[in-house]
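One structure is given below, encoded as structure tokens.
The values are calculated or read from the model by the stated rules, or taken from the named source; none is laboratory data. Owing to the predicted nature of the structure, the values given are computational and were not obtained by experimental measurement. Using ideal geometry, Cβ is built from the backbone for each residue, glycine included, and neighbour counts are taken over all protein chains shown. For accessibility, only protein heavy atoms count, side chains too; no ligands or nucleic acids. Shrake-Rupley method; radii C 1.70, N 1.55, O 1.52, S 1.80 Å.
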Amino acid sequence: MAAGLSRRRVIGAGIGIGAGIAVGTMGGAAAHTTGSGPAVAITGTTVIDATGARPLRDVTVLVRGGRIATIGTAREVRVPADADVVDGRGKFVVPGFIDSHVHGSGQEEIDPPLFLVNGVTTVRDMNGHARLYEWRDRVAAGTLFGPRSVVASGIVDGDPSLLAGLGSPYVEVANAREARAAVRQAVADGADFIKVYARLTPDAYHAIAHECRKLGVTFVGHTPDAIPLAEASAAGQRSFEHIYTSWFDTSSQEKEIRRRLAKIRVGGGEYNSWFNQTHPLEVLAARTFDPARARQVFGRLAADGSHQVPTLTQHRVFDLPESVAVHDDRLRYLPAATRNGWQAQLEQLYLAGRSAKDVAEHRELFRARLHWISAAHRAGVPVLAGTDTGTAYVYPGFSLHDELENLVEAGFSPMQALQAATSAPARFLGLPDVGTVRRNAIADLAVLDADPLADIRNTKRIHAVIVGGKLINAGQREHLLSAIETAANTGTLPARLAGCACTPALAAA
Ligand SMILES: [Zn+2]
Ligand SMILES: [Zn+2]
């Protein structure tokens, strides 16, 4: 318990000082290995700080000691002679991106640099284990070049768990006593927060909520089958991942849906069975969305500060597998074991045996998910951009940009989408010095070749990245990408660890 609290302080301190500490290797690119490195100046550029304020045009951003030293006109800012200068004319500086739902693979040569070259400078990892706690601590100490991370417990599920035998870290709890013990153990192991899952009983769930409150630890995760969304929010759950059972609360048929949901029986590891049994209930919920009920539920979430992390990128793969690009150019950055696992999963689980009715219903569900998250957002529910990276065809780093596009498709403005990946998660994670561009903030920045407010797809047009004050310029970025590709194809890397939803045993095969 105390371990968790002190670890939080350690992380906070790490972010404060880590910015000034040298990073290790940069895949051969010039890394500054002592002190805080030289100053970096981005000259004559446009700054979008993601507060909603108007862009600042024709300014110079000076970074020193890992932080933004100043932002001003060419006349106001003196660029030191030894500074690394990025010509920012025609370019746009935005905060480094935060992916609020990832599953690290444990492949050190792949994930950390892949996040960084894509401008993702902070991640929230949603299924913790020793390797990921080690990454987090090494990044904070400046000995691993990767995104800052905030890392969950192993997933805490009911007994039997949907994840049993699927190769993903989890703990099964059958009752309140086991639930409390799991929370204490996770905190002792180094978790920053607790992640709950689908099959928890109400007793176990509320014991987790109580234990977390007692220890001052946040808990987040899936909306359990047995707990309505509003009840979970009132119990203290602060983020809700995906849109599976979350939208049952907003259906005019909620009673009927819950009656049928309570009858669902799922054996250990039978994730597909769970999907198959909940599918008709999802269709019913989507078709019976009730604006009046939604107003109540969304009002409750907004008042509690309970966030939604819809992971639309992952839903798109699962709902619309026909549209997945199996020869996607980004696959080159992943090991063969991962590529093969994803392909097997796509063919054998997502596409196999799909009827025309299935295809049509899943298309309808995806549209309805966009509609639902948009309605929640308009009603004041805070939304975070998260991808579920690590599940099939959801790519570390790259996919965060897909999620921004999905949010805009749902109805977010480009600024609102940017905020869901910068200022909003920074606030949520208790990292006030990242997720923005202002004097004294930590210098986690992306420099874009085109205006993301004109077209959100422009966040993909990354020219350079600055993380903790360290510049990855255009040349170094290319070098890092080819180093990742080489690592992926040397054949020694293991398959990825399985993520959460939709990552059944095949991925480990
Ligand atoms: Zn996940
Ligand atoms: Zn999940």
Query raised in the report: Each residue of region 192-205 in turn: what ³J(HN,Hα) in whole Hz from Karplus with 6.51, -1.76, 1.60 and θ = phi - 60°, glycine and Pro shown as x?
Result: 7, 7, 9, 10, 9, 9, 4, 9, 5, 7, x, 4, 5, 4
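Is there a pair in 263/357; 357/460; 255/357 whose C-alpha atoms are over 31 Å apart, and which pairs would that be? Each step should come with its number before you reach the end.
Numbers: 263/357 24 Å; 357/460 35 Å; 255/357 26 Å.
As for pairs spanning more than 31 Å Cα to Cα, those are 357/460.
With each run of n ≥ 4 DSSP H residues scored as -39500 (n - 2.57), what mean residue ellipticity at 222 nm is computed for the chain after dividing by its residue count and rounding to the nearest 500 deg cm²/dmol? Could you put the intermediate results ahead of the total?
Values: 16 runs with 193 residues, N = 509.
The helix-only estimate for the chain comes to -12000 deg cm²/dmol at 222 nm.
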Requested in this report: Heads up, I need the accessible area for residue 263: 1.4 angstrom probe, whole protein in place, Å², nearest 10.
Outcome: 130
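Roughly speaking, to the nearest percent, how much of the chain's 1.4 Å accessible area is carbon and sulfur?
Numbers: 9520 of 18310 Å².
Roughly 52 percent of what the probe reaches on the chain is carbon or sulfur.
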Query raised in the report: Of the trypsin sites (Lys or Arg not before Pro) in region 439-469, which ones lie in a loop per DSSP and count no more than 13 other C-beta atoms within 10 Å?
Result: 439
Query raised in the report: Peptides 468-481, 172-185, 268-281: what's the order by average Cβ count within 10 Å, highest mean first?
Result: 468-481, 172-185, 268-281
Query - Placed amide H near residue 389: partners under 5 Å, 5+ positions off or other chain - result: 103
Query raised in the report: Which whole-number percent gives the relative contact order of region 39-109, counting Cα pairs below 8 Å spaced six or more residues apart?
Result: 38
Report summary line: Karplus-derived 3J(HN,Hα) from phi for region 282-292 (6.51 cos²θ - 1.76 cosθ + 1.60, θ = phi - 60°), whole Hz, x at Gly and Pro, runs 5, 4, 4, 4, 5, 7, 10, 4, 10, x, 5
Query - Vicinal HN-Hα couplings computed from phi for region 107-118 (Karplus, 6.51 cos²θ - 1.76 cosθ + 1.60; Hz; Gly/Pro x) - result: 8, 5, 6, 10, 5, x, x, 5, 4, 5, 5, 8
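Given the convex hull over the Cα atoms of the chain, what projected area results after averaging over all orientations, in nm²?
On the way: hull surface 85.7 nm².
Over all viewing directions, the chain projects a mean Cα-hull area of 21.4 nm².
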Query raised in the report: In terms of Cα to Cα distance under 13 Å, which aspartates and glutamates are near enough to residue 91, apart from those fewer than 8 places away along the same chain?
Result: 58, 449, 451
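Quick check: with the 1.4 Å probe, what order do 387, 486 take by accessible area, largest first? Provide the component values of the computation, followed by the final result.
Working: 387 0, 486 85 Å².
Descending accessible area places them as 486, 387.
Of the DSSP beta bridges with both residues in the chain, give the percent that are antiparallel, rounding to the nearest 5.
So the antiparallel bridges in the chain amount to around 45 percent.
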Report summary line: 1/(1 + (r/R0)^6) with r = Cβ-Cβ of residue 73 and residue 320, R0 = 41 Å, i.e. FRET efficiency to nearest 0.05, evaluates to 0.30
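Accessible area per residue for the chain in Å², computed with a 1.4 Å probe and the full protein assembly in place, what is it? Intermediate values should be presented prior to the final figure.
Values: 18310 Å² over 509 residues.
Computed with neighbouring chains in place, this is 36 Å² per residue.
Report, for region 23-177, the % of DSSP beta bridges that are antiparallel, rounded to 5. Can you show the working numbers first?
Values: 10 of 27 bridges.
Roughly 35 percent of the beta bridges in region 23-177 run antiparallel, per DSSP.
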Report summary line: Sorted list, accessible surface of protein heavy atoms, 1.4 Å probe, largest first, for 76, 322 is 76, 322
**Report entry** nm² value of the averaged projected area, convex hull over the Cα atoms of region 155-204
**Finding:** 3.2
